[in-house]
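The numbers here are math on the coordinates, done by the rules we state, and not lab data. Remember, it's a predicted structure, so these values are computed and weren't measured experimentally. Ideal geometry is used to build each Cβ from the backbone, glycine not excepted, and the neighbour counts take in all protein chains shown.
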């Protein structure tokens, strides 16, 4: 069948993010978890902010803004000090492209490029996906009102469960239109949506009119995990499958009718394959998505046989399922490690080979704008251009204020430290709400992590061992403290102001310790390894494997020696008095 692909070029460059989701029986403590890596380009907005709860007058409206996903992502008054015009000098205030009716009360939540975690422990992680349709926003050449950025924020403002969030986002997009906030690869979107009891994989794309949306969501089994890496993963929409009397699959009315109208599916085919019908496959290159899915599953569900190769991920439904049953219990630390993965120990190990240089650097910089040569790098899960990544942990046996935990890491996952922030905290620590990419800021956690990682690339394997040890020290300490929380010691479900301030103060203390440690790292790394010497005086040189690869053994030969003449440097040659004889010319 002819498949029509609308490649709509939009203003912003799409993110290329990896997301994970874990059911409550697949985690070490019964928490439901989801993750996100915000893998942008050179101008990311890596700030974390806390949007306050708010009451609204009857009949008021909620403005909707165009989302560029660049810095600054918003300029105006949304109850967030970091967004005010006075704190964004020279930036143009954001202009609404439309509005929807406001609700009487909106919830407090943490926000990055997307909504992340609200006061009811509803969490979100985002991954841009290819799709067969694209659309433009109102005021920007099109008719669609919502991007995934705005939908995720409204879900944070209004939803108390993951299911409610999915249905709310889907219905709004159907009514007012959806546009992808990227280039051709970003016309579709996926979210991991969680709460203390369950999680969903949510997919959405514009419909053919550009004025509505097609969407579907799959409930993740309690004992399952899932991975989305810039490509839809939901396969068979099992419309009659239920858990506890509720359907496991949610979807728009158009999901079947649009496919049937275009001849892409009919009821006689069996359950609709969402990927085959609505995905446009992997973008950038083959394995761009599939390798990350394979790589993540090998860590999350070890022992599960999965193919490392395939022909076409879109048309081969059995290569990687949307979810897999867990083979081990997972903690937030396991998900952090997955986001740092470079396929170490596999045939696709990014830390080996000529491209990794002498010191095993896995980072592969973009070359599209500087070369006309055909080719591509492998795409790893951990990525140098990540603006921030996070793990959301929702714990149903605890009050919401402490049950919801956002583990937030500014900049690239392999160089960052994940800081735990509780859902009931009154505010974000100041170092995490500062991340202007245009100027180094020593009061910024983003710049502290970015600066240290860029220094560590000078001698990657050796220096990153020190970075990794510091990550382990902080993160395992944080995890031990979070893991030890129990209901009798927890705050109330609706944290009073004093308790909210106490949570914020504890986070501030942690943040300052992390900030100081990471700004001290560059000096420590340079001191330890400057000029190819270790601080103890030992020469470091280069690994033999790399020397062989680059032809060091075929370098210039030793200078010629005349065997009939004495040479001062000849081993064992001495004068008659036992001293080394020197020829003076």
Margin query: Please report the antiparallel percentage of the DSSP beta bridges confined to the chain, to the nearest 5.
Written below: 95
Check: What is the helix-to-structure angle for 290-300, meaning the angle in degrees between its Cα long axis and the longest Cα principal axis of the chain, kept from 0 to 90 and rounded to the nearest 10?
Finding: 90
Checklist line | Cα long-axis angle, helix 162-176 against the chain (0 to 90 degrees, to the nearest 10) | finding: 70
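What does the highest-first list of 408-420, 150-162, 66-78, 535-547 look like by mean Cβ count within 10 Å? Kindly include the intermediate steps, with their values, before the conclusion.
Numbers: 408-420: 27.3, 150-162: 24.0, 66-78: 19.7, 535-547: 10.8.
Sorting 408-420, 150-162, 66-78, 535-547 by mean packing, highest first, produces 408-420, 150-162, 66-78, 535-547.
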Checklist line | Length-normalised contact order of the chain in % [C-alpha pairs under 8 Å, at least 6 apart] | finding: 14
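With the contact rule set at Cα under 8 Å and sequence spacing of 6 or more, what percent relative contact order holds for segment 76-143? Please report the intermediate quantities before stating the final value.
Numbers: 41 pairs, mean separation 10.8, N = 68.
Reported as a whole number, the value is 16 percent.
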Check: Once Cα extents along the principal axes in Å is worked out from the coordinates, which option in (1) 106, 62, 49; (2) 144, 55, 43; (3) 121, 77, 44 does it equal?
Finding: (1)
Note to self: Compute the helix-to-body angle for 445-456: its Cα long axis versus the longest principal axis of the chain, expressed 0 to 90° and rounded to tens.
What the structure shows: 30
